[in-house]
Amino acid sequence: MQNAPYNGHVLYRAHVQDIGWTDYVKDGETTGVIGQGKKIEAIQIQLQGLNDYTIEYRVHVQDIGWTNW
């Protein structure tokens with residue numbers, strides 16, 4: 001990933017079906033599990049060193065679709 005246009009990091013982790021919380025990753029790294037057919041049940045997002053920023057997000061919910069921002 002290219003260097004971000006800010007000094008800090010976006011940290012996030014996923015709560016995975018039958019596994020629990022993954023470790024935090026940052027700035028575009030993959031979270032969750034690959035190739036196990038497990039669902040992501042929740043996410044946590046933190047800003048590190050980015051006090052002047054906020055996070056806007058949306059998620060895709062099974063049988064519902066995309067949520068609003």
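Read-outs throughout are calculated quantities, based only on the coordinates presented, and are distinct from any laboratory measurement. Predicted model, so just to flag it, every value in this text is computed and none were measured. All Cβ positions, glycine included, derive from the backbone under ideal geometry; neighbour counts span all protein chains shown.
Consider only pairs whose beta carbons are under 8 Å apart and that are at least six residues apart or on different chains; among these, list those whose first residue lies in region 35-52 and is farther than 22 Å from Gln17 by Cβ and whose second residue is charged (D, E, K, R) and in a strand (DSSP E or B). Listed pairs, sorted by first residue: Gln48/Lys26.
Take region 34-55 and flag every residue that is of a type in the set (Asp, Glu) and surrounded by 12 or more Cβ atoms within 10 Å (Cβ to Cβ).
From region 34-55, those of a type in the set (Asp, Glu) are 41, 52; that's our starting set.
Once the filter is applied, which keeps residues that are of a type in the set (Asp, Glu) and surrounded by 12 or more Cβ atoms within 10 Å (Cβ to Cβ), region 34-55 yields only Glu41.
Residues in region 22-69 that are among the aliphatic types (A, V, I, L, M) and within 12 Å of the chain's Cα centre (by Cα): Val25, Ile40, Ala42, Ile43, Ile45, Leu47, Ile55, Val59.
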